[in-house]
Amino acid sequence: MNVLRSDFLTQGPAIPAFEKELARTAGTRYCAVFSSGTAALHGACAAAGLGKGDEVIVPALTFAASANAVLYVGAKPVFADVDIETGNIDPHDVERKITKRTRSIISVDYAGRPADYTALRRIAKKHKLLLIADAAHSLGASYKGRPVGSLADMTMFSFHPVKSITTGEGGAIATNSKEFYIKLLAFRHHGIVKDRTLFKKKHAPAWHQEMQSLGYNYRLTDIQAALGLSQLKRLRAHIAKRRALAHRYKKLASSIPGLILPPSDSKDAHSAWHLFPIRVAEPSARARVFNALRNVGIAVQVHYLPVYLHPYYQKLGYGKELCPRAESFYASEISIPLFPDLTLREQDRVIRELRKVL
Ligand SMILES: *Cc1c(COP(=O)(O)O)cnc(C)c1O
């Protein structure tokens, strides 16, 4: 309400206030918000200077946007397979996919569980690659005691309503690099620079602004930033609820035959529990289980069809069976409901229906 009554609906003071709190949560010096997580990832690829002739390694098991951002800047996504337990990008396959043209890795913290950042950072350093984290699932997660956000060169968050916090639509890049931060600010605002110290023109008049690169209108509004600030206050409590529900799912579902449950938090990886991805041990039964749950009003989903199997990517020439583990993960996966307001009774009902169909 304060924003609605104020002088600014967009480009006002709620933006840097939200960015400051986000940077604190992510453990970084800088944070730039965008109109969506996808726009933010596009910004990261542009700030990284990725373009034609460059290859970027992306896990196959992710939302299409992780790879689409690479296409937006004219670079080529190269798909890496995943770890069958966690669904996270497999560092060994990343190393196998590196060529002379590889410039960057975009990792994804599948279902909210941090990827193997130690291995990814080691590979990135060894081969002089930039590590960009798609942390759309994992705001509020931590790895070896460090918050997700502080573990890669740039980290993307999404504030779509299904994610850890929401601004309706929205996203951000957290980074410790001032150079990337300056490029991200320009990219979301048409490529226009407002900081006088960065002008090409010497002795610029007071009204002067410069467009120095081709950018977009990818701004978040102050109305959304105010919502984001209030949401951020609930982040820890929401994740605690998700974690408790996930542990309860693990306990209740462990006696159901024919199910593979997601791994618990490890000493190193504390998940944000964005999803609770179960796998049906007999993939031919997946559709039957999925439909049975949908038919009784339980909103299950599947995450994800490997990106390269989408018709658009097939048309670009990507083969089938590029990443066999991602394909077998996909073939057996069902995400059952997990959100902070899920009640214990609702959770019991999901378990009951699952037990019945299996
Ligand atoms: C949600 C999501 C995105 C895109 O975020 P938007 O804010 O919806 O644009 C990208 N990658 C992954 C893994 C996601 O889950």
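Here is how the numbers come out for the structure above:
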item: Looking only at segment 246-262, and only at residues there that are outside any helix (DSSP H, G or I) and within 28 Å of the chain's Cα centre (by Cα), the one that is surrounded by the most Cβ atoms within 10 Å (Cβ to Cβ); result: PRO262
item: Identity of the residue in segment 6-39, over 15 Å from ARG219 (Cβ atoms) and acidic (Asp, Glu), that ends up nearest to the ligand (Cβ to nearest atom); result: GLU21
item: Every residue from segment 1-24 that is polar (S, T, N, Q), over 28 Å from the mean Cα position of the chain (by Cα) and surrounded by 13 or more Cβ atoms within 10 Å (Cβ to Cβ); result: SER6
item: From the options ALA111, ALA115, ALA186, ALA133, residue that is surrounded by 19 or more Cβ atoms within 10 Å (Cβ to Cβ) and either modelled with pLDDT under 95 or away from the ligand (no atom under 16 Å from the Cβ) (or both); result: ALA186
item: Segment 189-201, subset out of contact with any helix residue (DSSP H, G or I) (no Cβ under 8 Å at 6 or more places or on another chain) and not in a strand (DSSP E or B), residue surrounded by the fewest Cβ atoms within 10 Å (Cβ to Cβ); result: THR197
item: Flag for GLY297 being in a loop (DSSP other than H, G, I, E, B) and at pLDDT 95 or above; result: yes
item: Inter-residue pairs, beta-carbon under 8 Å, first outside the structural domain of CYS31 (by TED's automatic domain parsing) and in segment 130-153, second away from the ligand (no atom under 16 Å from the Cβ) and outside any strand (DSSP E or B), 6+ apart; result: none
item: Some residue of segment 256-268 being in contact (Cβ under 8 Å) with a residue 60 or more places away in the chain, of a type in the set (Asp, Glu) and not assigned by TED's automatic domain parsing to the domain that holds GLN301; result: no
item: Residue identified as in contact with a Pro (Cβ under 8 Å, 6 or more places away or on another chain) and surrounded by fewer than 22 Cβ atoms within 10 Å (Cβ to Cβ) among GLY49, GLY27, GLY87; result: GLY27
item: Qualifying helices (runs of 4 or more DSSP H) (wholly inside segment 308-358; at least 2 residues being free of Cβ contacts under 8 Å to residues at least 24 places away in the same chain and assigned by TED's automatic domain parsing to the domain that holds GLY258); result: 311-316, 344-357
item: Close pairs from segment 167-179: first more than 11 Å from THR221 (Cα to Cα) and at pLDDT 95 or above, partner more than 10 Å from the ligand (Cβ to nearest atom) and charged (D, E, K, R), Cβ under 7 Å, at least 6 apart; result: THR175/ASP153; ASN176/ARG29; SER177/ASP153
item: Candidate set: segment 40-56, residues that are more than 15 Å from the chain's Cα centre (by Cα) and of a type outside the set (Gly, Ala, Ser); chosen: the one farthest from the ligand (Cβ to nearest atom); result: LYS52
item: Any hit, segment 156-172, residues being away from the ligand (no atom under 16 Å from the Cβ), outside any loop (DSSP other than H, G, I, E, B) and small (Gly, Ala, Ser); result: no
item: Residue within segment 95-112 that is among the β-branched types (Val, Ile, Thr) and within 23 Å of ASP341 (Cα to Cα) present; result: no
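Let's see how each residue does on (1) farther than 18 Å from VAL58 by Cβ; (2) crowded, with 21+ Cβ neighbours inside 10 Å:
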site	(1), (2)
LEU309	no, no
LEU322	no, no
PHE329	no, yes
ASP341	yes, no
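The values are calculated or read from the model by the stated rules, or taken from the named source; none is laboratory data. Keep in mind that this is a model prediction, so the values were computed, not measured. Cβ atoms come from the backbone with ideal geometry, glycine included; neighbour counts cover every protein chain shown.
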